[in-house]
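The values are calculated or read from the model by the stated rules, or taken from the named source; none is laboratory data. Computed from a prediction, not measured in an experiment: that's the story for all the values here.
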Amino acid sequence: MISGLGHASGVEQSRQNIAYIHEMLGQLRLVAQLEGADMLCYLIEMACVEAGDLQAGRRSLSPTRRNNPERRP
């Protein structure tokens, strides 16, 4: 689920990480919506769309991430 945990390959680990992020963003969006935080809700929705695009293969990971999968911020 989070990089470095489990025994998945690098590609599989990235797929799992993006799926986890997408799921968490969905939950955060619900909280923001309940709080009436419209701008925060919008920004989370945009991040959720991006995560969904990565999951579906409509977007690729950044060149830095593809070239150096072990690099962490």
Determine, yes or no, whether Glu70 is modelled with pLDDT under 95 and acidic (Asp, Glu).
-> yes
Could you tell me whether Val49 is outside any loop (DSSP other than H, G, I, E, B) and at pLDDT below 95?
-> no
